[in-house]
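The block underneath contains the structure these notes are about, expressed in structure tokens.
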Amino acid sequence: MTISRGYNPNEIRQAKGTAYRVWTQFSRMMKKNPNMIIGFIILLSFTLLTIFADFLVTHDPVSIYPEDRFMPPGSEHWFGADNVGRDVYARVIYGGRVSLLVGFMVSVFVTLSGLFIGLVSGYTPKIDIVVQRIMDALMSFPTLLLALALIAMLGGSVWNVIAVITIVDTPRMVRVVRSSVLTVKEQQYVEAARGIGAPISRILFVHIAPNTMAPVIVQATYFFALAILTEASLSFLGLGIPPEDPSWGNILSLGRKYLQQAFWIAFFPGLVLTINVLAMNLVGDGLRDALDPKLSRRA
Amino acid sequence: MSKYILRRFLLTLPVLLIVSIITFSIMQLAPGDPAAIVLGGDYIMFATAEEIEDVREAMGINKPPIVQYFDWLGGFFVGNLGESLFTTESVSYLVSQKIEATVSTVFSGIFIALLLGLPMGVLAGWKMNTWVDRAVMIFAVLGFAIPGFWLAFNLIFLFSLKLGWFPVFGFRSFFTDGPVEFLRYIALPAITLGVAFMALIARMTRSSLVEVLSEDYIRTARSKGLAERIILTRHALRAASMPIVTVIGLVFAAAVTGTVITETVFAIPGMGRMFVKAVGDRDFPIIQGLMMIFATSYVFLNLAVDILYAFLDPRVRYS
């Protein structure tokens, strides 16, 4: 491993400007992995759709139009109307707000807590023995069952759902971080940092953490998708987001009762959910190929 | 080998202990007095303090939490999981009523996943970068993204409501109602549960096979003129089966999560649906009992997979 090359390649790249760098990076990725770009565009457009929902929906998501009960999809209600005449399109778009919020917050929290626990545990063997047993125990529960039991304890609300899914998914992120910490901490630069007397916090967060980021970023996108699916499952079972706030799982749960009369109530939220999860998985696979060539060969 | 098994077994004990502590604490921290639930919700307002105290005494929840924990854990070892707060039947009896439906659903789902997923993965890995490979991979990506309940709706809508081939929901026992009825009722739930695992197994089999096929000894086998079929069945598949074993262990664990949804959608009287109902009713002994059962079986399943792994690959034993 040669470190000194007499010049810094980053400086040369920086000379051409940040915008140029971002653009070349982007077009190279596009050529290498069009799927990832497709997924990214779907996610971006859907996020914009939910952010600007107020201007883009034709009806209020909670208003009731009794005369439109069970109206099939058409020009009045694009995705049809539900059992009390609410507009399914508006509910799906506003439901996306809740679902994407849950997915985003969970992947942020899981990344932060997973990084912290994984770094400390991977670096210090004494803590590791205890922490790993706790993580193994948490992972022994089937994910949805643990989430349901925690919901029984905390009650259902958007932030409780976020907290619960974070608790359930964190051990899986810890495992990813820990396994890269175990290899990174043997590197010479870590030893060098230790040798010049750097404090543990500096070694962990300045020297080790940046070098574990590739698999962490990849996993974070998968957790985004997984969290949205888990939220939908919880709400579908009637134990997640309370029925007043539309969420994809809620609408699906309602649509289940009217499958025969009005399949559209369940069909559209499920379709949108599937497309979003698919897009996230495409982005995750693309990031994995780009950032972590070792992983991409295996899975 | 026996030394490895023993060491691996001893590692599971602290995990099981922590599992039981987590399970017990969740229910201790849950708001609401179980005695109030037994006395029937609002009726608590009319019950005298003495009546409430009697119920708490009978349930043993007036003791300190530590004592309660050991009572409960001791009961678990002799198969006594307490009683349901509502029906006062024993939890182990209630669970035993639900095992058949859950086991049937999980095994049928995994059977379908293996039956279709393995050949798909082998075919895709063998014919890498052809249209067969691409089709399988598209299916694998799709199958992984479709949520179980939505897939179930579409299957019910198409095959039950429109075509009338299968019943909309319900469960028939293999033993009392015969195999034909059983299969008619289990078909859609099994597909619902199986598709995601089919995708996972196909993907895993493919990548594992692709890796093995690039090894030197496969090139040697090819260069000495062995038939492709023999290379595949004798040399490649055996080596490629290692990661697949692990993934099947994972699939069993994930199937329990999947079966919660599947049983609810298809109204199958299994443990998953029982759990959801217990959470809704706040029937704590049932929640605790099922969590312990599921987690314990997961821990032992993992143990079995690890031992199988060590058996297949001797290198594992010494690491």
Segment B:130-224: radius of gyration over Cα atoms, expressed as a fraction of 2.2 N^0.38 Å: 1.54
For segment B:159-318: rounded, prolate or oblate by the Cα gyration tensor [a/c cutoff 1.5]: oblate
Expected-Rg normalisation [2.2 N^0.38 Å, Cα atoms] applied to segment B:246-319: 1.41
Scattering profile of segment A:206-257 at q = 0.15, 0.20, 0.31, 0.32 Å⁻¹ [log10 I(q)/I(0), Debye over alpha-carbon scatterers]: -0.52, -0.66, -1.06, -1.09
Hydrodynamic radius (Kirkwood) for segment B:106-166, which is based on Cα pairs only, to one decimal in Å: 13.3
Taking chain B and dividing mean pair separation by its residue count, relative contact order in percent (alpha carbons under 8 Å, at least six apart): 25
Under the span-like rule (Cα at least 20 Å along the axis, Kyte-Doolittle mean at least 1.0), DSSP H helices of chain B: B:2-29, B:91-126, B:131-145, B:179-213, B:237-265, B:284-312
Size descriptor, Kirkwood hydrodynamic radius, that averages inverse alpha-carbon separations across chain A, Å: 21.7
Kirkwood hydrodynamic radius (C-alpha pairs) into Stokes-Einstein, the protein assembly as shown, 20 °C and 1.002 mPa s, D in µm²/s: 80
Theoretical FRET efficiency, 1/(1+(r/R0)^6), r = Cβ-Cβ of residue B:241 and residue B:281, R0 45 Å, to 0.05: 0.50
In degrees, nearest ten, helix A:34-51 long axis to first principal axis of chain A (Cα): 50
Lysines with Cα under 27 Å of residue A:32, excluding same-chain neighbours fewer than 8 positions away: A:16, A:294, B:127
Reference-scaled alpha-carbon Rg (2.2 N^0.38 Å with N residues) for segment A:115-253: 1.27
Over segment A:55-154: Kirkwood hydrodynamic radius from C-alpha pairwise inverse distances, Å: 17.4
Separation between Cα centres of segment B:264-282 and segment B:95-130, rounded to whole Å: 23
Approximate shape of chain B as ellipsoid semi-axes (Cα gyration tensor, √5λ), whole Å, largest first: 45, 27, 14
Computed E for residue B:222/residue A:27 - FRET, C-beta separation, R0 41 angstrom, nearest 0.05: 0.60
Acute angle (nearest 10 degrees) that the helix A:248-257 long axis makes with the longest principal axis of chain A, alpha-carbon atoms: 40
Rough spin-label spacing in nm, given labels placed 7 Å along Cα→Cβ, for residue A:211 and residue B:173: 6.1
On Cα atoms only, tilt of A:143-154 relative to the major axis of chain A in degrees: 70
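Every number in this text was worked out from the coordinates using simple rules, so none of it is lab data. Here the structure is a predicted model, which means the values were calculated and not measured. In this analysis, Cβ positions are derived from the backbone assuming ideal geometry, glycine residues included, and neighbour counts consider all displayed protein chains.
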